[in-house]
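The values are calculated or read from the model by the stated rules, or taken from the named source; none is laboratory data. On a predicted model such as this, the values are computed, not experimentally measured, just so you know. Note: ideal-geometry Cβ built from the backbone for every residue, glycine included; neighbour counts use all protein chains shown.
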Amino acid sequence: MLGQEVRHDRVPYFFSDQYDVGLEYSGWAPPGTYDQVVARGDVGKREFIAFWLSEGRVLAGMNVNVWEVTETVQQLIRAGAARTSSGSRTRPSPWSRCSGEDGGGGRGGSVTGEP
């Protein structure tokens, strides 16, 4: 209310369901703002989570036919979650829940390209 400090940390979000593909996109990564896109899961089977990164920090994420991870992806974006170039975590959670490093969520991963 008036005179109180209010935190506005809502992450941009949209979803789409088209035939056999459902997706949820969180964050904002326009062209030129990211230097890497990393996918976790099976892109060929259309079951994956993609992350748009800038200097290792998560700018946006999109889960395709993988459910119940949107809040975790948004936590990564809000936290400015990052990974070092060696792949080690700089913040242990919730990255591991999306990347499969805790035994769930993702299945492997690959760098799918640079802008």
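Contact map, region 4-21: first residue part of a loop (DSSP other than H, G, I, E, B) and surrounded by 10 or more Cβ atoms within 10 Å (Cβ to Cβ), second residue at pLDDT 85 or above and of a type in the set (S, T, Y), Cβ cut-off under 9 Å, separation 6 or more or different chains; pairs are V11/S26; P12/Y25; P12/S26.
Among the residues of region 17-50, those identified as under 14 Å from Q74 (Cα atoms) and either touching a Leu at 6+ places or on another chain (Cβ under 8 Å) or basic (K, R) (or both) are G27, W28, A29. Contact annotation: residue pairs with Cβ atoms under 7 Å, 6 or more positions apart or on different chains, pairing a residue in region 25-37 that is surrounded by fewer than 18 Cβ atoms within 10 Å (Cβ to Cβ) with a partner that is among the charged types (D, E, K, R) and part of a loop (DSSP other than H, G, I, E, B), are D35/E55; D35/E114; Q36/E114. Remark: A82 matches the filter, which requires a residue to be surrounded by fewer than 20 Cβ atoms within 10 Å (Cβ to Cβ) and at pLDDT 50 or above.
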